[in-house]
Amino acid sequence: MSPLHAPTLQFVSVLVTLVAAGVSLLTWYHHREGPGLRGWTLALLLGTAGTFLFGLRGPDASFRFILISDSLFVAGFATMWMSMRRFNDRAVTAELMGVIVATILILFVALATLAWQVAPAARAQSTVFSLFVCILASLASWETWRGRHLDGLRSRPIAALALAGIAFARLVRAIMAFAQGMGMIEPGFGVIAQGYAQYFTTVCILVVTFGLVLMAHERFERQYAISTEAGRATE
């Protein structure tokens, strides 16, 4: 038995993610010029929906139901990545974000369906899902870290490291799912690892949101200081 109570963990994950989405949206309300904040809110809401559906899964859940919940989660992390790109580059439009997220989602659905048909007993679909989230979280982490060379925001490492933590947790989960499918570890051990991975991911999501809010405030303060100095110079 896992020391983490699964229903409680699911409830806490949904609640924390919703709170994080609210904080992100509130930050955008105060800093309308801050790009990426609305996208981050949407990403968190998609992740919340995926987590909620994941908690409704039973041992006899259909592949269609599993695919829908996993797709929402993947779409959320794809939106996270694109939100970080938009935060770094205002030229990244909402239309471009939508096209890229849709392309990633189509690719995931195709590969997950193929994995389910080829090796359903080996949990290949679960491995594909974890690898997709790992890659997208890594891309978001790199995009966040790369932005330091553009604006030098001191709060960027907080979000970047938390995203890297999510990527690492999902990589471990992918390895565990593959090992469980190959019969190398007991299913009970995989359930325990999944519980801890979800707990760690929830904490990291909260830290990333905190880092993004700090980034938005820090950028606003810099822009305000620049505009104030420019106004004084023209007096």
Practice task
Taking the chain as the reference, fit the longest principal axis to its C-alpha atoms, fit the long axis of helix 37-55 to the helix C-alpha atoms, and give the angle between the two in degrees, 0 to 90, nearest 10.
Solution key: 20
Fill in the blank from the handout: Net charge near residue 208 (other residues with Cβ under 13 Å of its Cβ; Lys, Arg +1; Asp, Glu -1) is 0
Fill in the blank from the handout: The relative contact order of the range 6-234, taking Cα pairs under 8 Å that sit 6 or more residues apart, comes to a percentage of 21
Handout entry: Under Karplus coefficients 6.51, -1.76 and 1.60, residue-wise ³J(HN,Hα) of the range 88-97 in Hz, glycine/proline x
Key = 7, 9, 5, 5, 6, 7, 5, 5, 5, 4
Completion exercise
Residues other than residue 128 with Cβ under 14 Å of its Cβ, Lys/Arg counted +1 and Asp/Glu -1, net out at +2
Completion exercise
Once both label points are put 7 Å beyond Cα along the C-beta direction, the residue 8-residue 192 separation in nm becomes 1.8
Handout entry: Extension reserve of the residue 26-residue 93 stretch, reckoned as 0.36 nm per residue once the Cα distance is removed
Key = 22.0 nm
Exercise for the section: Compare 44, 114, 161 in a GNM of the chain, Cα atoms joined below 10 Å, and give the one with the largest fluctuation. Expected result: 114
Fill in the blank from the handout: Pseudo-spin-label distance residue 113 to residue 149, built 7 Å along Cα→Cβ, given in nm, is 3.9
Problem - Gyration tensor verdict on the chain (Cα atoms; rounded if a/c is under 1.5, prolate if a/b is larger than b/c, oblate otherwise) - result: prolate
Practice task
Working from Cα positions, state the angle (0 to 90°, nearest 10) between the long axis of helix 124-146 and the longest principal axis of the chain.
Solution key: 20
Completion exercise
Between residue 218 and residue 106, Cβ-based FRET efficiency (R0 45 Å, step 0.05) works out to 0.80
Handout entry: Gaussian network model of the chain, Cα within-10 Å springs - most flexible of 171, 150, 136
Key = 150
Practice task
Assuming R0 = 25 Å, can you tell me the calculated FRET efficiency for the pair residue 60 and residue 199, based on Cβ-Cβ distance, to the nearest 0.05?
Solution key: 0.45
Practice task
Taking the chain as the reference, fit the longest principal axis to its C-alpha atoms, fit the long axis of helix 156-181 to the helix C-alpha atoms, and give the angle between the two in degrees, 0 to 90, nearest 10.
Solution key: 10
Completion exercise
Note, residue 116: beta-carbon cut-off 14 Å, +1 each Lys/Arg, -1 each Asp/Glu, net +1
Exercise for the section: Could you run the Karplus curve 6.51 cos²θ - 1.76 cosθ + 1.60 with θ = phi - 60° over the range 207-214 and give me ³J(HN,Hα) per residue in whole Hz, x for Gly and Pro? Expected result: 5, 4, 4, 4, x, 5, 4, 4
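The numbers here are math on the coordinates, done by the rules we state, and not lab data. Bear in mind that the values here come from a model prediction, so they are computed numbers and not experimental data. For neighbour counting, all protein chains shown are included, and Cβ atoms are generated from backbone atoms with ideal geometry for every residue, glycine included.
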